[in-house]
1. Among the residues of region 52-104, count how many are among the polar types (S, T, N, Q) and either on the phi > 0 side of the Ramachandran plot or not assigned by TED's automatic domain parsing to the domain that holds residue 205 (or both).
2. Any idea how many residues of region 143-176 are touching a residue at least 40 places away in the same chain (Cβ under 8 Å) and closer than 23 Å to residue 133 by Cβ?
3. How about region 327-354: which of its residues are part of a strand (DSSP E or B) and either without any contact (Cβ under 8 Å) to a residue 12 or more places away in the chain or not aliphatic (A, V, I, L, M) (or both)?
4. As an exercise: evaluate residue 247 against (1) within 16 Å of residue 388 (Cβ to Cβ); (2) polar (S, T, N, Q); (3) crowded, with 21+ Cβ neighbours inside 10 Å and give the number of the one condition it does not meet.
5. Find the residue count for region 226-242, including only residues that are surrounded by 18 or more Cβ atoms within 10 Å (Cβ to Cβ), of a type in the set (A, V, I, L, M) and assigned to a loop (DSSP other than H, G, I, E, B).
6. Just to be sure, is residue 357 part of a loop (DSSP other than H, G, I, E, B) and under 36 Å from the mean Cα position of the chain (by Cα)?
7. Taking region 192-225 as the search range and keeping residues that are modelled with pLDDT under 80 and within 17 Å of residue 252 (Cα to Cα), which one is surrounded by the most Cβ atoms within 10 Å (Cβ to Cβ)?
8. Looking only at residues in region 95-143 that are charged (D, E, K, R) and closer than 15 Å to residue 170 by Cα, which one is modelled with the highest pLDDT?
Amino acid sequence: MAICLSFFIFTLLKPILEIKEISKKFQIQSNAKPYLSLRENLFSFLNPGSKKEEFWALKDISFDVMPGDTIGIIGKNGAGKSTLLKILSKITPPTSGKIIGRGRIASLLEVGTGFHPELSGRENIFMNGSILGMRRTEILKNFDAIIEFSGVEKFIDTPLKHYSSGMQLRLAFAVAAFLENEILIIDEVLAVGDVEFQKKCMGKMNEVSKSGRTILFVSHSMNAIQSLCKKGVLLEKGKTNAIEDISTVVSKYLYGDTTSNSVFVNSRINENKEAEILEARVLNTANELAYRFSTNELIKLEIKWINRGEKLITPNFLLLNQNGQKVMIGTDTKIDWDGSKKSKKGIYLSEIIIPKNLLNANEYFFHIALDSSSPSSNYDAHFNVFQITVFDPLDEGSIHRGDITIMHQDVSVWPSLESSFQKLS
C-alpha cells in the first residue's frame, strides 16, 4: 500500500505532458511561373520550373505541463497554435522532437472531429469514448450528463449527418468535457457556437479545471483566455520561450514585451511649470502593480505630483476604450472639491479609485492630467500612459449580471446598480 501511495505521489510530481524540442516542417510547392497554360502544365515534368520550399510551422518548442494546469496558447494567425495542438493530440506527427504524456487526451479541434456521419449521436458517443480510451462503464456513467449538456436529446438516435454544425459542436464538446480523460485540448472551435453556449462551455471548463484535470486552450479572445487560464504560452512564428503567468503572456501579446505597463515616470521634468506630474502607478486591491483586472475588482490610480505655484489643483484621468471612445473621467473632487486643500507648495500623492463592478470587459487606456476648474486651466497632461485589460471571470464573481449570458462587449460601463422593486398586488 505504501509503495502504491509513493508511486502515486511521484507521478503527480511529474509533468503530465513533456514537450521536448518539437518541430514541424511542411513542404510548400512554389512555381517560378505562376500562370501556366494547360500544355505547359502537362509537360512541366520535362522542364521543371517548380521547386519545393521548406516551411517550419514549429521550431524547437519545449515546455512542461503539470497535472491540473490550465494553459492558454496565444498567438497571431499562422503562429503554429493549431499545428501544436494537432501534434499533442497525435493527429499529426512532429518532424523532430518528442512528447511524453502521462494521461489520456481528449481533443476538440474541429467540428465533428472523430465522429462518423452515418452513426447516430448515441453511437458516436460510445465510439468517441472508446477512441479516447474510456471503458464502456465510464461512458455509461456520464452518458446522461453528456446528453443533457449537449441539448440533442430529441435527435440522439438520428444519424450525425443530419445534425447542424452547432449540434455537432455541442455534442463533441460534451463528450470531450464529461468523459474522464486527464487532459482536455480545445481549439478556437468554440467561437462557432452562440454566445449562450460559449458561456456554458466556459463554465464547464472552469469546473473541469477545478476538478484537477489539465486544460490546453487556444483562443483569440483574451477575455476567455484570462477567465479560464492561470498560465500561458505565447507562440510567435512557430517559436516560444516558456510557460509564463497568463497576465504576462497576454501583455506581451497585446502590447509587446514590457514589464513597466503599470508605472509611468515623467522623464521630461520642467521646473518652470507651476504644477507637474512626477510619477503614476496602477494598482489592484492588494496595492500591487497590475495591468489586468477582473470586472469585480477595483482599480487604483496613484499620481505623484508637485505644486510649485500654489495653484488649486485637481488631479484627474480620462479613460478611453480600445476604439478611442471616451469612457469616463475621474477626479478627486469628492474629497477636495476645488483643489484648495492641495494649494500649498509641495509634493503630493493622489489616489483615485475606479470601483469594482463598473467597467465591462475590454482594453482601456489612461490619460492623466493636473487641472484647475475655476478658472479652467491645465498645468500638465500625459496621454496613453497606461494600457489595462479588464476581463469577466464568468463565474460567481460576476454575479451582478444575474443570469444574463450575453457578453455585451460593445459597451464600456456595466455597473452593479442599486435597485429595488415591490409587489403592488
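The values are calculated or read from the model by the stated rules, or taken from the named source; none is laboratory data. All figures in this text were calculated on a predicted structure; none of them were measured in a lab. Because the Cβ atoms are built from the backbone with ideal geometry, glycine has one as well, and the counts that use them run over all protein chains shown.
1. Going through region 52-104, the residues among the polar types (S, T, N, Q) turn out to be 62, 70, 77, 82-83, 89, 92, 95-96.
Narrowing further to those that are either on the phi > 0 side of the Ramachandran plot or not assigned by TED's automatic domain parsing to the domain that holds residue 205 (or both): none.
Qualifying residue count, region 52-104: 0.
2. Step one: filter region 143-176 for residues touching a residue at least 40 places away in the same chain (Cβ under 8 Å), giving 149, 159-161, 163, 165, 168-169, 171-173, 175-176.
Checking the rest, the ones that are also closer than 23 Å to residue 133 by Cβ come to 149, 160, 168-169, 171-173, 175-176.
Final tally of qualifying residues: 9.
3. Here is the first cut: in region 327-354, the residues part of a strand (DSSP E or B) are 327-331, 346-354.
Across region 327-354, the qualifying residues are 330, 331, 346, 348, 350, 351.
4. (3) is the only condition that residue 247 fails.
5. Counting residues in region 226-242 that are surrounded by 18 or more Cβ atoms within 10 Å (Cβ to Cβ), of a type in the set (A, V, I, L, M) and assigned to a loop (DSSP other than H, G, I, E, B) gives 1.
6. Numbers: part of a loop (DSSP other than H, G, I, E, B): yes; under 36 Å from the mean Cα position of the chain (by Cα): yes.
Against the criterion (part of a loop (DSSP other than H, G, I, E, B) and under 36 Å from the mean Cα position of the chain (by Cα)), residue 357 qualifies.
7. Checked region 192-225; the qualifying residue surrounded by the most Cβ atoms within 10 Å (Cβ to Cβ) is 224.
8. Quick first cut of region 95-143, residues charged (D, E, K, R) only: 98, 102, 104, 110, 118, 122-123, 135-136, 138, 141.
Checking which are closer than 15 Å to residue 170 by Cα leaves us with 110, 122.
Details: 110: 64, 122: 92.
Checking each candidate, the answer is 122.
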